[in-house]
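Read through the structure below, which is laid out as structure tokens, and then see the notes.
The values are calculated or read from the model by the stated rules, or taken from the named source; none is laboratory data. Values in this document were obtained by computation on a predicted structure and should not be read as measured data. All Cβ positions, even for glycine, are placed from backbone atoms using ideal geometry, and neighbour counts span all protein chains on display. What goes into the accessible areas is simple: the full protein's heavy atoms, side chains included, and nothing from ligands, DNA or RNA. Shrake-Rupley method; radii C 1.70, N 1.55, O 1.52, S 1.80 Å.
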Amino acid sequence: MKPSSILVTGGAGYIGSHVVLQLRARGERVVVLDDLSRGFRQAVLDTPLVVGQVGDRETVLNVMREHDVDTVMHFAAFTIVPESVSEPLKYYGNNTCSTRALLESCLEGGVKNFVFSSTAAVYGIPAEGVAAEDTPTAPINPYGTSKLMSEWMLRDVSGASTLKHVALRYFNVAGSDSQGRVGQATPKATLLIKVACEHVIGKRPQVAIYGSDYATPDGTGVRDYIHVEDLATAHLDALDYLRGGGASTVLNVGYGHGYSVREVLQSVERVSGQRLNIREEPRRPGDPPALVARAERIRRELGWKPRLDDLDTIVRTALAWEERLQRAPWS
Ligand SMILES: NC(=O)c1ccc[n+]([C@@H]2O[C@H](COP(=O)([O-])OP(=O)(O)OC[C@H]3O[C@@H](n4cnc5c(N)ncnc54)[C@H](O)[C@@H]3O)[C@@H](O)[C@H]2O)c1
């Protein structure tokens with residue numbers, strides 16, 4: 001009998017492409033579904049790619065039948081917070097409604113395991129800047145709400161069917177494949193480490209600190225930065241857990257400690273050997289002073305063991321990727 005496949009939605013995007021590489025490296029059968037609205041054909045390398053939308057039931061069911069899919073890893077989504085504020089229905093449509101349609105296809109297609117890309121944005125602004133999985137969810141933008149609604153659908157579908165899921169709430173993802181094969185190519189990225197590396201290679205004239213008067217050790221915002229390869233490994237661990245009969249669960253993925261914006265920029269200066277042109281700007285509305293994961297549960301439940309918990313390592317891979325992308329841009 002042909003072994004089952006894993007359907008990776010959004011596998012032509014930043015995080016999904018790293019997960020695909022790790023799945024393939026351990027011999028899993030993988031098929032990517034991506035509409036290439038924000039992803040890149042180059043990111044998929046030689047993995048089978050179906051260009052289509054996750055909300056398109058006919059396409060999804062055909063892929064499931066053709067590839068004998070028993071597991072779905074669902075990355076496809078829109079991810080830009082300010083855009084979600086100005087165009088909320090775009091986010092509820094592509095993130096929430098498409099996930100509903102995908103779940104319906106999963107039930108029809110007999111999918112057993114579902115790994116979902118959720119986000120720390122479901123917590124909003126948690127007290128003390130630390131969020132555990134049982135911290136009350138209170139998203140403050142449509143992006144976070146669109147993801148939380150998907151978590152709720154998953155919870156209810158898992159309760160009413162044989163499908164089991166792991167929802168992973170990512171903190172601040174950064175860095176790139178240490179072999180330089182894939183990385184984040186998103187135009188107009190807003191995440192600090194990528195923005196600072198783009199400044200180093202001359203793509204941006206400066207880098208901004210938004211808010212330097214927070215009640216944090218150096219006054220700038222603190223975040224839990226996680227290397228994308230460690231994040232990718234968490235998906236493989238989640239898959240093993242579900243295959244081993246694990247119950248549906250929700251888990252934070254972060255290192256459990258944070259760095260301030262200034263510490264990140266110092267790391268970029270250290271790694272690149274360049275002085276950055278830093279501009280101080282007022283706080284941005286909706287930015288929590290600190291957002292760090294309580295991250296014991298994923299280690300306990302999945303046996304997840306991060307290997308790249310080092311800020312300079314994250315920055316080094318992010319910078320190497322920016323240099324590579326400048327030499328050979330993706331389009
Ligand atoms: N990057 C982060 O720091 C971060 C943090 C928390 C959660 N997440 C979540 O992780 C997932 C992946 O994020 P990313 O940073 O890799 O984003 P990305 O934009 O690089 O990748 C998303 C991919 O999904 C595709 N896509 C979007 N809508 C689609 C649809 N309807 N049908 C088919 N394909 C579609 C895009 O073309 C793109 O390739 C998202 O669900 C995001 O919400 C990301």
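Computed on the chain, with alpha-carbon pairs under 8 angstrom and 6+ residues apart, the relative contact order is 19 percent.
Remark on VAL69: its backbone amide H falls under 5 Å from those of SER5, a criterion applied only to residues 5 or more positions apart or on other chains, H modelled at 1.01 Å from N. Relative to the longest principal Cα axis of the chain, at what angle does helix 57-67 sit, 0 to 90 degrees, rounded to 10? The helix 57-67 is inclined about 80 degrees to the chain.
Can you show me the helix-derived [θ] at 222 nm for the chain, built from DSSP H runs with n ≥ 4 at -39,500 (n - 2.57) apiece and divided by the number of residues, rounded to the nearest 500.
Counting only the DSSP helices, I get -11500 deg cm²/dmol.
Spatial offset of region 22-48 relative to region 86-150 amounts to 22 Å, using the alpha carbon center of each. Per residue, region 59-211 exposes an accessible area of 39 Å² to a 1.4 Å probe, with every protein chain left in place.
Given a 1.4 Å probe and the protein chains all in place, what does the accessible area of GLU296 round to, in Å² to the nearest 10? Probe radius 1.4 Å; accessible area of GLU296 about 90 Å².
So for THR47, THR162, what's the accessible-area order with a 1.4 Å probe, most first?
So the residues, ranked largest to smallest area, are THR162, THR47.
Surface composition of region 95-143: carbon and sulfur atoms hold 54% of the protein heavy-atom accessible area at a 1.4 Å probe.
Under 16 Å from the 7 Å Cα→Cβ point of SER178, by amide nitrogen: which residues of region 300-326? Under 16 Å, as judged by backbone N against the label point of SER178, lie 305-321 of region 300-326.
Using the Karplus relation 6.51 cos²θ - 1.76 cosθ + 1.60 with θ = phi - 60°, the per-residue 3J(HN,Hα) values for region 70-79 come to 10, 9, 10, 10, 10, 9, 4, 5, 8, 10 Hz, with x marking Gly and Pro. Pairs exceeding a 23 Å alpha-carbon distance, out of LYS112/LYS147; LYS2/LYS112; LYS188/LYS305: LYS188/LYS305. For the chain, the longest principal axis of the Cα atoms and the long axis of helix 142-160 meet at an angle of about 30 degrees. 3J(HN,Hα) along region 207-214: 10, 9, 9, 9, x, 10, 10, 6 Hz, from the Karplus curve 6.51 cos²θ - 1.76 cosθ + 1.60 with θ = phi - 60°, whole Hz, x for Gly and Pro.
For region 174-274, give the percent of accessible area contributed by carbon and sulfur heavy atoms, probe 1.4 Å, rounded to a whole number. Reported share for carbon and sulfur atoms: 49 percent. Note on GLU323: accessible area is roughly 80 Å² with a 1.4 Å probe, heavy atoms of protein only. Residues LYS188, LYS305, LYS164, ordered by accessible area of protein heavy atoms at a 1.4 angstrom probe radius and largest first, appear as LYS188, LYS305, LYS164. On C-alpha positions alone, give me the angle between the axis of helix 228-243 and the longest principal axis of the chain, in degrees, nearest 10. Value to nearest ten degrees: 30. Go through ILE201, GLY52, THR186 and say which Cα lies farthest out towards the positive end of the charge dipole of the chain; charges sit on Cβ, +1 for Lys and Arg, -1 for Asp and Glu. Farthest towards the positive end: ILE201.
Using a simple charge model, +1 on the beta-carbon of Lys and Arg, -1 on the beta-carbon of Asp and Glu, nothing else, what dipole does region 199-331 show about its Cα centre, in debye to the nearest 20? Present the calculation step by step, with values, prior to reporting the outcome.
Working: 19 positive and 19 negative charges, 50 e Å.
Computed charge dipole of region 199-331: roughly 240 debye.
Put simply, the amide H of ILE209, placed in the peptide plane, has neighbours under 5 Å in ARG279, GLU280, GLU281, leaving out anything fewer than 5 places away on its chain. Phi angles across region 197-202 convert, under the Karplus curve 6.51 cos²θ - 1.76 cosθ + 1.60 with θ = phi - 60°, into 3J(HN,Hα) values of 5, 5, 5, 4, 8, x Hz, Gly and Pro given as x.
Solvent exposure of SER267, expressed as accessible area, is near 0 Å², computed with a probe of 1.4 Å over the protein chains only.
Of TRP321, TRP152, which has the most accessible area with a 1.4 Å probe, and how do the rest follow in descending order?
Per-residue accessible area, sorted high to low, gives TRP152, TRP321.
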